[in-house]
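Heads up, the thing below is written out as structure tokens.
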Amino acid sequence: MMIAALLLAAGRGERFGAPEPKQYALLLGRPVLRVAAEALLAGGHVQALQPVCAAGEEVRITAMLEGLPHLPPVTGGATRQASVKAGLAALAALNPSAVLVHDAARPVIPAGTIPALLAALEHRAGAIPAQPVSDTLKRGEAGVIGETVPRAGLFRAQTPQAFRFETLRAAHEAASAEATDDAQLLEWIGESVALVPGHESNVKITFPEDLARVESTLQPRLLPRIGTGFDVHRLVPGRPLILCGVTIPHELGLDGHSDADVGIHALCDAIYGALAEGDIGRHFPPSQMKWRDADSAQFLVHAMERVRARGGMLVNADVTLICEQPKIGPHAAAMIARLAEIMGVEARRVGVKATTTERLGFPGRGEGIACQAAVSLMVPD
Ligand SMILES: Nc1ccn([C@@H]2O[C@H](COP(=O)(O)OP(=O)(O)OP(=O)(O)O)[C@@H](O)[C@H]2O)c(=O)n1
Ligand SMILES: C[C@](O)(CO)[C@H](O)COP(=O)(O)O
């Protein structure tokens, strides 16, 4: 059983009111008609995809569908019905047993829709997805209600609509009036058309706000993620003291395999922790000579690259240095600016502060500096 599909993209989109037809508008960066084509092909039911476009748009449509299997676009007509008829004529040579007729302006086809339509075709000549009407219906004129229309048994028709190919062709040949969908043409020739459950997400982009609505439903859900990091390095003579990317004049410096920037190390661990991607030692093992005396800024750049690769963003970072000396306050602004620069974020997203341990323990005795950091990210789930 060969199943073909028509992708109807010959409309002008007048109600959408943009200079270009709505099927060319970008939905999260991709043309609406491409997203609709991918939805039709998903699941592997369709063996032949026939785009129908306005005259002269063939090259543009082909570029928008690049990489997807499809037949050469054919020219549609002045009405949707005429466009369907042109598409059916182009498919005739393939003699498919069934055809799905789909609006390129409907980018979302819920997963179960096409299988449900094809199953219904075993018993009926046609099947459409439809949603029961849930609002009270009024017929109105000149801004005044004329009457309330009983909504019982009323449905909103969606696409793709599925038909036995020869029956739909015969229905189009027999049509003597304009129908707003293909199911109506079957009704006119006395064929029975099944209703299968439609879905709210199957929106026909008609007005500009429809595009924003579909975009928000397709947008990946961002969730907050929290991470903490902690690090300690020993203070020794003969090393520079580098804290949060800033070199501080001091008689001692931090010892370590890299430049021993305890602030950046704790911050990296907080970021990797928030992503559940291990710690700095996993990404930059101290056993590797290439990280000897390395500038820790590159570790922080890598951690932020991981955030961005996951489609996430840093909400804020909070860094606390724990030491008796040197005093951090005079350097905090420079540290904030440098961390923000390395991370590629605004300075208002970064905080650097310090505390002592009341002369207790190794920081209190000046043997080393500790740092604890916390970050908050927003990352697609
Ligand atoms: N002559 C036409 C008219 C419409 N369509 C397609 O049929 C689908 C549904 O039609 P509709 O939403 O009415 O689209 P437009 O006719 O483009 O919109 P408008 O009525 O606002 O101009 C759309 O994918 C549209 O491109 C088509 O292929 N050929
Ligand atoms: C076919 C259709 O998508 C079913 O809802 C719809 O009727 C087409 O849009 P139009 O505005 O009626 O052309």
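The values are calculated or read from the model by the stated rules, or taken from the named source; none is laboratory data. Owing to the predicted nature of the structure, the values given are computational and were not obtained by experimental measurement. Every residue, glycine as well, gets a Cβ built from its backbone with ideal geometry; the counts of neighbours run over all protein chains shown. Keep in mind that these areas ignore ligands, DNA and RNA; they rest on the heavy atoms of the full protein, side chains included. Shrake-Rupley method; radii C 1.70, N 1.55, O 1.52, S 1.80 Å.
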Next item on the list: Name the single residue, out of those in the range 68-81 being outside any loop (DSSP other than H, G, I, E, B) and open to solvent by 40 Å² or more (accessible area, probe 1.4 Å), that is nearest to ligand 2 (Cβ to nearest atom).
Entry: R80
Margin query: Pairs please, first residue from the range 358-381 and outside any strand (DSSP E or B), second anywhere and loosely packed, with under 13 Cβ neighbours inside 10 Å, Cβ atoms under 6 Å, 6+ apart in sequence or on different chains.
Written below: D381/R221; D381/L223
Item checked: Residue that is farthest from ligand 2 (Cβ to nearest atom) [pool: residues in the range 88-104 that are open to solvent by 10 Å² or more (accessible area, probe 1.4 Å) and in a loop (DSSP other than H, G, I, E, B)] -> N95
Notebook entry, point to check: Using beta carbons and a limit of 7 Å, which pairs, at least six apart or on different chains, have the first residue in the range 33-52 and closer than 18 Å to A98 by Cβ and part of a helix (DSSP H, G or I) and the second one of a type in the set (V, I, T) and more than 16 Å from ligand 1 (Cβ to nearest atom)?
Noted result: L40/V46
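So that you can scan it fast, the table gives a plain yes or no per residue for (1) open to solvent by less than 30 Å² (accessible area, probe 1.4 Å); (2) within 30 Å of P285 (Cα to Cα); (3) in contact with a Pro (Cβ under 7 Å, 6 or more places away or on another chain); (4) part of a strand (DSSP E or B):
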| site | (1), (2), (3), (4) |
| --- | --- |
| S176 | no, no, no, no |
| T180 | no, no, no, no |
| V214 | yes, no, yes, no |
| T217 | no, no, no, no |
| T247 | no, yes, yes, yes |
Check: Tell me, which residue of the range 162-182 that is out of contact with any Gly (no Cβ under 9 Å at 6 or more places or on another chain) and either of a type in the set (S, T, Y) or not assigned by TED's automatic domain parsing to the domain that holds A93 (or both) is nearest to L100 (Cα to Cα)?
Finding: T180
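Anything in the range 160-191 that is out of contact with any Leu (no Cβ under 8 Å at 6 or more places or on another chain) and either within 15 Å of ligand 1 (Cβ to nearest atom) or in contact (Cβ under 8 Å) with a residue 60 or more places away in the chain (or both)? List them, or say none.
Answer for the range 160-191, where residues must be out of contact with any Leu (no Cβ under 8 Å at 6 or more places or on another chain) and either within 15 Å of ligand 1 (Cβ to nearest atom) or in contact (Cβ under 8 Å) with a residue 60 or more places away in the chain (or both): E178, T180, D181, A183, Q184, E191.
When the residues of the range 219-245 are filtered to those that are in contact (Cβ under 8 Å) with a residue 60 or more places away in the chain and farther than 28 Å from L377 by Cβ, which remaining residue is most open to solvent (accessible area, probe 1.4 Å)?
Filtering first and then ranking leaves R234.
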Check: Which of the residues belonging to the range 25-60 are within 25 Å of P208 (Cα to Cα) and in contact with a helix residue (DSSP H, G or I) (Cβ under 7 Å, 6 or more places away or on another chain)?
Finding: A25, L27, L28, P31, V32, L33, R34, P51, V52, C53
Check: Hey, does the range 26-38 have a residue that's of a type in the set (D, E, K, R), farther than 30 Å from S216 by Cβ, at pLDDT 95 or above and out of contact with any Pro (no Cβ under 8 Å at 6 or more places or on another chain)?
Finding: no
